[in-house]
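> Below are the structure tokens for one structure; questions will follow.
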Amino acid sequence: MAAFAVARSSCGLLSGLKAYFKTFRQVKHGVASAAQSQLQQQSRRWYSVSHLSVQERIDRKRNAALIGGGQKRIDAQHKRGKLTARERVELLLDKDSFVECDMFVEHRCSDFGMEEDHNKFAGDSVVTGQGRINGRLVYVFSQDFTVFGGSLSGAHAQKICKIMDQAMMVGAPVIGLNDSGGARIQEGVESLAGYADIFLRNVMASGVVPQISLIMGPCAGGAVYSPALTDFTFMVKDTSYLFITGPDVVKSVTNEDVTQEELGGAKTHTAVSGVAHRAFENDIDALLNLRNFFNFLPLSNQDPAPVTECHDPSDRLVPGLDTIVPFETTKAYDMLDIIQGIADEREFFEIMPNYAKNIVVGFARMNGRTVGIVGNQPKVASGCLDINSSVKGARFVRFCDAFNIPILTFVDVPGFLPGTSQEYGGIIRHGAKLLFAFAEATVPKITIITRKAYGGAYDVMSSKHLRGDVNYAWPSAEVAVMGAKGAVQIIFRGKSNQAEQEAEYVEKFANPFPAAVRGFVDDIIVPSTTRKRICRDLEVLESLQTLQTDLTLLRRDTERDRERETDRGETEETQRGETEETQRGETQREETQREETQREETQREETQRGDTERGDRADTERGDRADTERGDRERRQREETQREGRNRERGETERGEKQREGRNRERGETERGEKQREGRNRERGETERGEKQREGRHRERGDTERGEKQREGRHRERGDTERGETQREETQREETQRERRNRERGETERGEKQREGRNRERGDTERGETQREGRHRERGDTERGETQREGRHRERGDTERGETQREGRHRERGDTERGETQRGETQRGETKSVSLCACPCVCVCVCVCVCARAYPVV
Amino acid sequence: MAAYMITSTLRRVLLVAKHASFQSRCCVASSRVQYSTVYDSNEKTFDKILIANRGEIACRVMKTCKKMGIKTVAVHSDVDASAVHVKMADEAVCVGPAPTNKSYLNMDAIMDAIRKTGSQAVHPGYGFLSENKEFAKRLAAEDVVFIGPDTHAIHAMGDKIESKLLAKAANVNVIPGFDGVVEDAVKIAGDIGYPVMIKASAGGGGKGMRIAWNDDETREGFRLSSQEAASSFGDDRLLIEKFVDNPRHIEIQVLADKHGNALWLNERECSIQRRNQKVVEEAPSTFLDPETRRAMGEQAVQLAKAVQYSSAGTVEFLVDSNKNFYFLEMNTRLQVEHPITECITGLDLVQQMIRVAKGFPLLHKQEDIPINGWAIESRVYAEDPYKSFGLPSIGRLSQYQEPINLPKVRVDSGIQEGSDISIYYDPMISKLVTYGATRAEALQRMEAALDNYVIRGVTHNIPLLREIITHPRFISGDITTNFLPEEYPEGFKGHQLTSEGRRELVATAAALYVSAQLRSQRFLGNLRVSTTPQEQRQWELCVELEKGSHTVAVSRSGSTFTVEVDGVKVEVSGEWNLASALLPVTINRTPRVLQCLSRDAGGDITLQYLGTQFKVRVLSQLVSTLSAHMPEKVPEDTSSILRSPMPGSVVAVSVKPGDVVAEGQEICVIEAMKMQNSLIAAKAAKVRPMDTPPLH
């Protein structure tokens, strides 16, 4: 891209080539065509012609924006089998639902002739906005290859950041349609900064709203990290590429001959590297499938898994399942047959169907409700767990957990794959990710052991011991440490009557009874009734999530709405002012601290305890900040009040909390559990442990109401927040909290921390942070960092939320650094460095291979 | 017959009044099943019968045994352990691994099973050991009753050469041919004159049977047939006879007892065949007049009496256009297509076989045997009808639903949803029988039954079956055994749409697409961010079907869609249950049942319409316009790749590494499901070293 851009800009200086750039001729698009002829007549400076009325100028600009880089390049794009940015958006979204934003934005580069009028394009090289997919809100950006090869300028990045921020604020998914040659070299570091801004958004939004990338053209160098940070990356076969450096650079550095397709084509990434989750035939196929896929996802972590109208009876028997597991335990069968058999209408959207095929993951619906399905695939490598399958499974489970999607697990696993390649590759570390993911997940988890569940892999695969809500075994299930042969060889080493012993072992262990008598499986079920049982269980388990469900939220919202309306205007103003201030200097923790101060001494005391518990770290950290914080708190309080108005935060907090709680607190106390337990706990005195600890934590964080609520409730789980918490907490936090109730509570805590009103979620962050302290400290830095950014972004605290949540959930997903964050920050460091080195190369290579080809004129 | 039926009805009524429990046993087919036989429990036959077969026929025999109050024992191979016939039996014994010669043909294991279970009799079904005289002998030696003819009849009729001599002696018309074991096939063929038919002396059911039109084909056919005969029947002797062109294959069902009584139970028309295997059968034949029928029946009975035949058997004839008929062979067993005879005569042939085997005399007289109505049987196979009218396919029946809820439909099957169609056994899914007062009625029911038959997971021949039974020539009754090659010289291509059919299909696909679109916008529950309701009432679509493209406008009112296909209005209404395998719709007031086999996000819909599967692509106008820009993906050139058309084992490799093969030359022979298929080179090439040595 760089090369292209350079060439392009320099040619701007050459009058001979001006004609090329001016050619906006023959626009075929209806809207644009009218404007076209006018445009041609216009001098390059048409936009600044003063005798035009403002309205005319607006119209012209809009029309210019609609044709992007001009008809010639649109034709070139089509010739390559690709659609234009706008066509893609139009296909992806419901008819007439696209609301564009930043159509008038232009790049700000003034070097290399870029400042010339003909080098300015309305909207720059990306189309952004929001719209609807099957009526549901989504934010979209679509890079426009016809404008400077879709290269990323500061303005381009800014546009993307803007909609991402808004998406996080509102709680709606972000879909990126990537088709970009790379960084815009003329802009230099501005472009790099733009990438980083986007990466940060990706990270912040992770776990908050679903993010999907669809790679529809080249995507190289620094640009690849944005898709890699999103939840799902899809590609278009034959026309899309993802790589750190293009084939030319590869050749010059390693002397390796490789084609673009081999290096970073859809096949490579869906089958070999696992970077992409799925590939589609062409642009249209990809966009239509994306629409279909979108229906499986909730809008954000505040929403329950979507439920669509279902025509498939939930009590349908599946007779085929009774005979699917072969009699010989060594014989394979296809797990997909089971999954399709039980799913609504046999529909299963498989994620990564060609990568680590020994585990099957994907989305389906049960009685209309989205579920995530994880299953060992006996057909491939006996369904064993290895590095790739563990990572694939873990990432998927964490996604489901983050977005309230119940998880169904079908187990037929002979164990982890042994061998040096696995051990050297760190199977222990990667296997742990899957274990961690299942263990921390607090969404409804239903497990069906269809056949083998051997060894550690049994534990890992969503066993009862990892908080499985309902665990079933089929009659063919064998839950044991290992297969009969191996076991007997160990137990009766050197003894002669091994066959006999083997028979005894089979009799004892190769059946579901050992697990069933211990209650490790809840029931042994007839396979054909599996669908019926799962649907029924999901209905019951749904109550776990009811708190999140909107019914409650809606009611609250309406109440709040009334309140809000009155004070909104003010709040917002105040918020901004405050936020900025707060953002700087004040770390999230500080905020928390402030909040505490506000809440009264009682709380402080608690906090102190809490602190003591956690460790001195917190204290030390706070020590300094504390003072500053208090001052800030006051401001924040105001802010909070304002924010409270919005309430929305609560929803977030809740989840966030759940998640954190889940982790932090003893997992056993899962949110659900917690809710139930809360009731109990208080009585029991768990309060002492749990609460103190939590409170401790929370307070620090800003025990804000939410915090408390959360802790208490962690207990109460999200929804309860206001009500539940208030009631329970009351004792603890008491009226103070209530008074503010909504506003201060969640918001204050978080909000303050987070700075903005919305930030409420931050509250979580704080907690999360406190808990992680270890992490936090690091984060502490981050927080500051963030504050600064926020300054930019203002996006209020989304960041915070995002972070907390992400850290929590994702870290491991681990492909990303997040996972590693937990383990070591070192990793982060690494990643960063990678992207840094990569960028320059990227630009070079991409430009050469992609753009040069695209623009032979240059 | 009428008298018999009346008495039986009377008796039934009386019995019902007396004991309900008894009634259940003598239950007779209601309007759905066509047996009018009474199962008299006072007539003591056997306590326990072992059924030495699998699949559909094993189930069929067990059904009658249950009605007669006889316990049943199933035998099965490893892979059949969870098969339907095993579940249905009172006891089941595993007799070996999957290959038939190690399980269902394994006499030692089956004898063991008989001893172990104390079975008093064995019903062999068809195929496998049903015409194996060795088996009958061994049973006799152990004093176990073989439910079928005596050993000498099996022996006499099982050998096609000997049977012909016997037939000649019994004054039955026979075709000219070589009587004796073939040594020099080419010379004999030359003597008889081409075309000739080469078939396994011990065979039946079209296995090991080939037609040769010249010396080369004779040599080739001789080799393949003897191999097939060896693997199917354990006997590689062949015979050659004159091949009668344009024949009809009509067979007479006979039933004889051990007391010298023999009946003929009318004919079955089995002319619709592919590769000499029957596809559609009917009873009676449209072709026979009562005189010919009687003449054939009487000759059949003569033959049966000549060999002191007892039990049910079938005498096959070739009938030429002048109603001359020639004896072909006699099948000393229950035939696959016996249900249609049962439908029109009201007899339960399995019951009759069991009674006869026990030594009871026949209760019926020849004049009791009626022709009541018309019955048609379609053999539903797991095979691809587009490849030489049916190459076996295998797979797992992911969805399976028989149309037994329709009136006067009988489905004899031995599989269920989830069953595997494996390479080891015959790929038959079921026998679909419909019955009616007239042929037209039976055909109409067959159409409906085929439309309502849900089979997913394997390729099946319903498209072919439905085309045959709606073919004008078939409806007129003007058929020969060459019907398929004559009507489909280029091979079967599926249903050819008329312009009206095309409109119907396009309209239904469009309506289905719209109802799916509408549903995908319906989210239940309370949503935090409300969805934008789409008030769309009109859809402008573009529907692609078989390379043609149609502009379609759809409007909806309730569940009725008015679809304008290229300016012509079609009204489609239905329930639009998107989860159901069947899609019953009313198209312009004509009720039709379509099946939606797949529907994806890209707008591709596969519909089964009039039996044939059509791929339809429904696109919005926008998508359709933009599709023009999408690159066309070039399909892989497969001419240099030779792929086995089905899974199977390699029985012979005809080339060596380094050989240069010409286009059309045989490379190797694959055996699957008892059929040998030679794979030929698609273009001239040189053979590279092979990884696997040929297996023998």
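> Which residue, of B:ILE272, B:ILE344, B:ILE340, B:ILE354, is in contact (Cβ under 8 Å) with a residue 24 or more places away in the chain, of a type outside the set (Gly, Ala, Ser) and outside any helix (DSSP H, G or I)?
B:ILE272
> Let me ask another. With respect to B:ARG445, determine if the residue is basic (Lys, Arg), without any contact (Cβ under 8 Å) to a residue 40 or more places away in the chain and in contact with a Ser or Thr (Cβ under 6 Å, 6 or more places away or on another chain).
Against the criterion (basic (Lys, Arg), without any contact (Cβ under 8 Å) to a residue 40 or more places away in the chain and in contact with a Ser or Thr (Cβ under 6 Å, 6 or more places away or on another chain)), B:ARG445 qualifies.
> Moving on to the next point. What are the pairs, 6+ residues apart or on separate chains, where a residue within the range A:73-94 that is more than 9 Å from chain B (Cβ to nearest Cβ) and free of Cβ contacts under 8 Å to residues at least 24 places away in the same chain has its Cβ under 9 Å from a residue that is of a type in the set (Lys, Arg) and surrounded by fewer than 20 Cβ atoms within 10 Å (Cβ to Cβ)?
Between residues of the range A:73-94 that are more than 9 Å from chain B (Cβ to nearest Cβ) and free of Cβ contacts under 8 Å to residues at least 24 places away in the same chain and residues that are of a type in the set (Lys, Arg) and surrounded by fewer than 20 Cβ atoms within 10 Å (Cβ to Cβ), the close pairs are A:ASP75/A:LYS28.
> Further, regarding this structure: Considering each of B:LEU484, B:LEU512 in turn, give the residue that is in a helix (DSSP H, G or I), hydrophobic (A, V, I, L, M, F, W, C) and within 14 Å of chain A (Cβ to nearest Cβ).
When all the criteria are applied, what remains is B:LEU512.
> Tell me which of these A:VAL360 doesn't satisfy, since it passes every other one: (1) of a type outside the set (Phe, Trp, Tyr); (2) buried (at least 22 other Cβ atoms within 10 Å of the Cβ); (3) facing another protein chain (nearest Cβ under 9 Å); (4) more than 27 Å from A:LEU137 (Cβ to Cβ).
(3)
> Of all the residues that make up the range B:569-608, how many are within 18 Å of B:SER549 (Cα to Cα) and part of a strand (DSSP E or B)?
So the count comes out to 6.
> Within the range B:43-50, does at least one residue satisfy the condition of being of a type in the set (Asp, Glu), closer than 26 Å to B:CYS343 by Cβ and at pLDDT below 95?
Within the range B:43-50, the first condition is being of a type in the set (Asp, Glu), and the residues that meet it are B:43, B:47.
Among the residues that remain, those that are also closer than 26 Å to B:CYS343 by Cβ are: B:43.
From what's left, at pLDDT below 95: B:43.
Checked against the condition, which is being of a type in the set (Asp, Glu), closer than 26 Å to B:CYS343 by Cβ and at pLDDT below 95, the range B:43-50 yields at least one hit.
> I need the full set of residues from the range A:373-382 which are free of Cβ contacts under 8 Å to residues at least 60 places away in the same chain and either more than 14 Å from chain B (Cβ to nearest Cβ) or touching a Lys or Arg at 6+ places or on another chain (Cβ under 6 Å) (or both), in order please.
A:ILE373, A:GLY375, A:GLN377, A:VAL380, A:ALA381, A:SER382
> Working carefully through the options A:PHE280, A:PHE243, find the one that is modelled with pLDDT of 90 or more, closer than 30 Å to A:ILE133 by Cβ and crowded, with 23+ Cβ neighbours inside 10 Å.
The conditions single out A:PHE243.
> Can you report the number of residues in the range B:289-300 which are surrounded by 22 or more Cβ atoms within 10 Å (Cβ to Cβ) and of a type outside the set (Gly, Ala, Ser)?
1
> If you don't mind, another one. Does any residue of the range B:560-570 turn out to be over 30 Å from A:SER543 (Cα atoms), hydrophobic (A, V, I, L, M, F, W, C) and within 12 Å of chain A (Cβ to nearest Cβ)?
Checked against the condition, which is being over 30 Å from A:SER543 (Cα atoms), hydrophobic (A, V, I, L, M, F, W, C) and within 12 Å of chain A (Cβ to nearest Cβ), the range B:560-570 yields no hits at all.
> Sticking with this one: Select from the range A:95-121 the residues that are away from chain B (no Cβ under 14 Å) and not in a loop (DSSP other than H, G, I, E, B) and list them in ascending order.
Hits for the range A:95-121 are A:GLU100, A:CYS101, A:ASP117, A:HIS118, A:ASN119.
> Of everything in the range B:515-548, what is part of a loop (DSSP other than H, G, I, E, B) and in contact with a Gly (Cβ under 8 Å, 6 or more places away or on another chain)? Give them in sequence order. Please lay out each step first, then the result.
Step one: filter the range B:515-548 for residues part of a loop (DSSP other than H, G, I, E, B), giving B:520-522, B:525-537, B:546-547.
B:GLN521, B:ARG528, B:VAL529, B:THR531, B:THR532, B:PRO533, B:GLN534, listed by residue number.
> Kindly indicate whether B:THR586 is in contact (Cβ under 8 Å) with a residue 12 or more places away in the chain, over 27 Å from B:THR470 (Cβ atoms) and more than 14 Å from chain A (Cβ to nearest Cβ).
So B:THR586 does not fit the description; no.
> Going by the structure shown, is A:ARG429 more than 25 Å from A:ALA343 (Cα to Cα), modelled with pLDDT of 90 or more and out of contact with any Leu (no Cβ under 7 Å at 6 or more places or on another chain)?
Details: more than 25 Å from A:ALA343 (Cα to Cα): yes; modelled with pLDDT of 90 or more: yes; out of contact with any Leu (no Cβ under 7 Å at 6 or more places or on another chain): yes.
For A:ARG429, the condition - more than 25 Å from A:ALA343 (Cα to Cα), modelled with pLDDT of 90 or more and out of contact with any Leu (no Cβ under 7 Å at 6 or more places or on another chain) - is met.
> Continuing with this model, one more query. Take the residues in the range B:412-424 that are more than 11 Å from the chain's Cα centre (by Cα) and within 23 Å of B:ILE340 (Cβ to Cβ), then tell me which one is farthest from the other protein chains (Cβ to nearest Cβ).
Applying the filter and picking the extreme gives B:GLY414.
> Sticking with this one: Are there any pairs with C-beta distances below 9 angstrom linking a residue in the range A:122-139 that is away from chain B (no Cβ under 14 Å) and of a type in the set (D, E, K, R) to a residue that is buried (at least 24 other Cβ atoms within 10 Å of the Cβ) and part of a loop (DSSP other than H, G, I, E, B), with the two at least 6 apart or on different chains, and if so which?
Pairs that qualify, where the first residue is away from chain B (no Cβ under 14 Å) and of a type in the set (D, E, K, R) and the partner is buried (at least 24 other Cβ atoms within 10 Å of the Cβ) and part of a loop (DSSP other than H, G, I, E, B), are A:ASP124/A:HIS107; A:ASP124/A:ASP144; A:ASP124/A:VAL147; A:ASP124/A:SER153.
> I'm trying to understand the selection: among the residues of the range B:635-654, which are within 14 Å of another protein chain (Cβ to nearest Cβ) and in contact with a Leu (Cβ under 6 Å, 6 or more places away or on another chain)?
Within the range B:635-654, no residue meets the criteria.
> Taking the range B:607-634 as the search range and keeping residues that are more than 23 Å from A:LEU91 (Cα to Cα) and hydroxyl-bearing (Ser, Thr, Tyr), which one is farthest from the other protein chains (Cβ to nearest Cβ)?
Step one: of the range B:607-634, the residues more than 23 Å from A:LEU91 (Cα to Cα) are B:607-614, B:634.
Those still in the list that are hydroxyl-bearing (Ser, Thr, Tyr) too: B:609, B:612.
Working: B:TYR609: 20, B:THR612: 22 Å.
Result: B:THR612.
> Among the numbered criteria (1) farther than 27 Å from A:ASN63 by Cβ; (2) away from chain B (no Cβ under 14 Å); (3) among the hydrophobic types (A, V, I, L, M, F, W, C), which single criterion is violated by A:VAL170?
Going through the list (1) farther than 27 Å from A:ASN63 by Cβ; (2) away from chain B (no Cβ under 14 Å); (3) among the hydrophobic types (A, V, I, L, M, F, W, C), A:VAL170 breaks only (2).
> Now for a separate question. Could you tell me whether B:ASN577 is surrounded by fewer than 17 Cβ atoms within 10 Å (Cβ to Cβ) and within 14 Å of chain A (Cβ to nearest Cβ)?
yes
> Then there's this: May I ask you to list the residues in the range B:654-676 that are part of a strand (DSSP E or B) and modelled with pLDDT of 75 or more?
Once the filter is applied, which keeps residues that are part of a strand (DSSP E or B) and modelled with pLDDT of 75 or more, the range B:654-676 yields B:VAL660, B:VAL661, B:GLU666, B:ILE667, B:CYS668, B:VAL669, B:ILE670, B:GLU671.
> Here's a follow-up. Which numbered condition trips up B:LEU406, out of (1) within 22 Å of B:GLN335 (Cβ to Cβ); (2) in a loop (DSSP other than H, G, I, E, B)?
Unmet for B:LEU406, out of (1) within 22 Å of B:GLN335 (Cβ to Cβ); (2) in a loop (DSSP other than H, G, I, E, B): (1).
> Tell me, which helices (runs of 4 or more DSSP H) lie completely within the range A:246-352 with 3 or more residues that are within 12 Å of chain B (Cβ to nearest Cβ)? Steps first, answer last, please.
Working: elements: A:247-254, A:260-264, A:283-294, A:335-342.
So the answer is A:283-294, A:335-342.
Each row is one residue, and each column tells you yes or no for (1) of a type in the set (Asp, Glu); (2) closer than 15 Å to B:VAL380 by Cβ; (3) without any contact (Cβ under 8 Å) to a residue 24 or more places away in the chain.
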{"position": "B:SER419", "(1), (2), (3)": "no, yes, no"}
{"position": "B:HIS471", "(1), (2), (3)": "no, no, yes"}
{"position": "B:THR498", "(1), (2), (3)": "no, no, yes"}
{"position": "B:ALA516", "(1), (2), (3)": "no, no, no"}
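> Is it the case that the range B:301-321 has a residue that's touching a residue at least 12 places away in the same chain (Cβ under 8 Å), part of a helix (DSSP H, G or I) and not aliphatic (A, V, I, L, M)? Before the answer, list the steps.
Initial filter on the range B:301-321 (touching a residue at least 12 places away in the same chain (Cβ under 8 Å)): B:301-321.
Still in the list and also part of a helix (DSSP H, G or I): B:301-306.
Still in the list and also not aliphatic (A, V, I, L, M): B:302, B:305.
Yes, because at least one residue in the range B:301-321 is touching a residue at least 12 places away in the same chain (Cβ under 8 Å), part of a helix (DSSP H, G or I) and not aliphatic (A, V, I, L, M).
The values are calculated or read from the model by the stated rules, or taken from the named source; none is laboratory data. Treat the numbers as computed from the prediction; the structure is a model and nothing was measured. Ideal geometry is used to build each Cβ from the backbone, glycine not excepted, and the neighbour counts take in all protein chains shown.
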